[in-house]
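Heads up, the thing below is written out as structure tokens.
The values are calculated or read from the model by the stated rules, or taken from the named source; none is laboratory data. Here the structure is a predicted model, which is why all the values come from computation and not from measurement. Cβ placement follows ideal geometry from the backbone for every residue including glycine, while neighbour counts extend to all protein chains displayed. We work out accessible area using only protein heavy atoms, side chains counted, and drop any ligands, DNA or RNA first. Shrake-Rupley method; radii C 1.70, N 1.55, O 1.52, S 1.80 Å.
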Amino acid sequence: MYMPSLMPATDGCPEDTESLETIIASLLRLLQMKNQKIFLHSNQVANYAVSTAAKMRLPKEEIERIRHAALLHDIGLLTVPNAVFAKLPYLSTRESSVYRNHCNAGSWMLENIAPCQDLIPYIRYHHERFDGKGYPNRLKGVNIPLGARIIAVANGYDRYINPCTQHWAKTNGDAIRELLNLSGTAYDPEVVKAFIEAMGLK
């Protein structure tokens, strides 16, 4: 499936950092126009991901890369019809396939934007599972980029507690138990541990 880029390619000049912030802001405005709840969710996931990455003592440049990717992790949802959003979480098999394709769609949107190249693997693989049963490529364990594993935990937690992302929300305690129950299967255990410590949750 061909997905045209939303932005022109850049030439890798020193202004790329500023350009990246501008590109991200523009894309987030589009996402906000599409769905305010997903926009708010994306910002919250970025906050959680940065805190977790900092707890793991990753380099500042990598933490910033994770922040950018987390902000755009759901940008592919721009391609999902509003009718599908209206039915969440009760989707048919076909609708579920359309929804799940947002990981690939997001990476295709960014593939011709030079400052975004390092973000693409984190966006494409944020729904992979540590046990290899995720999507879109069924990557397993450390074959999943660390940034994507961090975003996956941050995304999962916000989905559990945020009424904006589902019809009901778990308590913090229930959400943490869910993360721990899925540690080693859906999520990287080390990332889950760092997330809980970074959030000061028990």
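For the listed residue pairs Lys60/Lys170; Lys60/Lys87; Lys55/Lys170; Lys87/Lys193; Lys55/Lys133, the alpha carbons are over 30 angstrom apart in Lys60/Lys170; Lys60/Lys87; Lys87/Lys193. As a calculated quantity, the FRET efficiency between Thr185 and Glu61 at R0 = 25 Å, using C-beta atoms, amounts to about 0.25. Among 82-91, 54-63, the peptide with the highest mean count of other Cβ atoms within 10 Å heads the list, and the full ranking is 54-63, 82-91. Peptides 29-37, 103-111 ranked from most to least packed by the mean count of surrounding Cβ atoms within 10 Å: 103-111, 29-37. Heavy atoms only, probe 1.4 Å: what % of the accessible area of the range 114-169 goes to carbon and sulfur, would you let me know? Reported share for carbon and sulfur atoms: 48 percent. Sorting 139-151, 118-130 by average packing, meaning the other beta carbons within 10 Å per residue, from highest down gives 118-130, 139-151. Cα centroids of the range 37-79 and the range 110-137: how far apart, whole angstrom? If you average the Cα positions of each part, the centres end up 13 Å apart.
Calculated accessible area for the chain comes out at 50 Å² per residue, all protein chains present (probe 1.4 Å; ligands, DNA, RNA ignored). Taking a ≥ b ≥ c as the square roots of the eigenvalues of the Cα gyration tensor of the range 124-186, is the shape rounded (a/c under 1.5), prolate (a/b larger than b/c) or oblate? In terms of gyration-tensor shape, prolate. For Ser183, no residue whose modelled amide H falls within less than 5 Å of its own remains once neighbours fewer than 5 places apart on the same chain are excluded.
Dividing the Cα radius of gyration of the range 69-198 by 2.2 N^0.38 Å, with N the residue count, gives 1.05.
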